[in-house]
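Asks: Please find one structure pasted underneath; my questions will follow.
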Amino acid sequence: MTYPDTVPSIALSRLAPRGTDRDRLLSFLTSNVFPFHVTSRRTAEEVAASIDEGAFENDETRSFWLDHADLGTIGLVRLEDLEDPTPLLDLRLAEEFRGRGLGAEALREVTRHVFAHFEEVTRFEGQTREDNIAMRRTFVRCGWVKEAHYRESWPVEGGAPLASVAYAILRRDWESGTTTPVPWNEMGL
């Protein structure tokens, strides 16, 4: 889905988690709460260990800052399984920038980046908890299609598991600006 009449105000800047961006990444992930992630608040030690283990940069993972033209850095995105034709999305906005509609703009730019820079990618996927209504609406607004609803599969700190809801966009749909629906009526049942 191209948007020829608009110039994106969000750009992706490659993150160097084990280098110049290490302290900034530590600060970002420990100073913001991410209530819809499996671990909503992480300690500096936990983040440092995940950086050292390659969670933000390895053969299959790349991470980027989400830089807004007027607001500065508003969040980060981690792309996983990049050696697969269906990579996964981990999008995180800083608390102060949530609720402003920036998630849709960020998702559009991340989707454009993936399809423009990874020719082997045919499908791009993301998942969120069932109660993350803002992100679910963002996926739909950006042309992504709900493909799965995994009941009681998302662990919740101190609570019962919730459903994980999977969305994806196909390269051909992105290029044509269409949406291919999921055939939910299995075998006519």
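Asks: Can you tell which of Glu119, Glu175, Glu83, Glu109 is part of a helix (DSSP H, G or I), closer than 28 Å to Arg14 by Cα and open to solvent by 60 Å² or more (accessible area, probe 1.4 Å)? Break it down stepwise before answering.
Replies: Values: Glu119 fails: part of a helix (DSSP H, G or I); Glu83 fails: part of a helix (DSSP H, G or I); Glu109 fails: open to solvent by 60 Å² or more (accessible area, probe 1.4 Å).
Matching residue, one of Glu119, Glu175, Glu83, Glu109: Glu175.
Asks: I would also like to ask the following. What do you reckon, is Gly103 crowded, with 19+ Cβ neighbours inside 10 Å and either part of a helix (DSSP H, G or I) or among the β-branched types (Val, Ile, Thr) (or both)?
Replies: Numbers: crowded, with 19+ Cβ neighbours inside 10 Å: yes; either part of a helix (DSSP H, G or I) or among the β-branched types (Val, Ile, Thr) (or both): yes.
It is true that Gly103 is crowded, with 19+ Cβ neighbours inside 10 Å and either part of a helix (DSSP H, G or I) or among the β-branched types (Val, Ile, Thr) (or both).
Asks: All but one of (1) touching a Ser or Thr at 6+ places or on another chain (Cβ under 8 Å); (2) closer than 21 Å to Trp174 by Cβ hold for Arg108; which doesn't?
Replies: (1)
Asks: Moving to a separate point now. If we keep just the residues of the stretch 137-147 that are over 17 Å from Asp90 (Cβ atoms) and among the hydrophobic types (A, V, I, L, M, F, W, C), which is least open to solvent (accessible area, probe 1.4 Å)?
Replies: Residues of the stretch 137-147 over 17 Å from Asp90 (Cβ atoms): 137, 140-141, 143, 145-147.
The next check asks that each one be among the hydrophobic types (A, V, I, L, M, F, W, C); those that pass are 140, 145.
Details: Val140: 90, Val145: 24 Å².
Result: Val145.
Asks: Something else: Any idea which of Glu53, Glu57, Glu45 is closer than 21 Å to His117 by Cα and open to solvent by 30 Å² or more (accessible area, probe 1.4 Å)? Working first, answer last.
Replies: Values: Glu53 fails: closer than 21 Å to His117 by Cα; Glu45 fails: closer than 21 Å to His117 by Cα.
Being closer than 21 Å to His117 by Cα and open to solvent by 30 Å² or more (accessible area, probe 1.4 Å) holds for just one of Glu53, Glu57, Glu45, which is Glu57.
Asks: May I pose another question? Of the numbered conditions (1) touching a residue at least 40 places away in the same chain (Cβ under 8 Å); (2) over 19 Å from Ser9 (Cα atoms); (3) open to solvent by less than 40 Å² (accessible area, probe 1.4 Å), Glu157 satisfies every one except a single condition; which is it?
Replies: (3)
Asks: Looking at the stretch 9-23, I want the residues that are in contact (Cβ under 8 Å) with a residue 60 or more places away in the chain and have a partner that is open to solvent by 50 Å² or more (accessible area, probe 1.4 Å) and of a type in the set (Asp, Glu) with Cβ atoms under 6 Å, at least 6 apart or on another chain. Which pairs are those?
Replies: Hits for this filter: Ile10/Glu105.
The values are calculated or read from the model by the stated rules, or taken from the named source; none is laboratory data. For clarity, every value in this text was computed on a predicted model and none was experimentally measured. A quick note on method: Cβ atoms are made from the backbone with ideal geometry, for glycine too, and the neighbour counts reach across all protein chains shown. Calculation scope for accessible area: heavy atoms of the full protein, side chains included, ligands and nucleic acids excluded. Shrake-Rupley method; radii C 1.70, N 1.55, O 1.52, S 1.80 Å.
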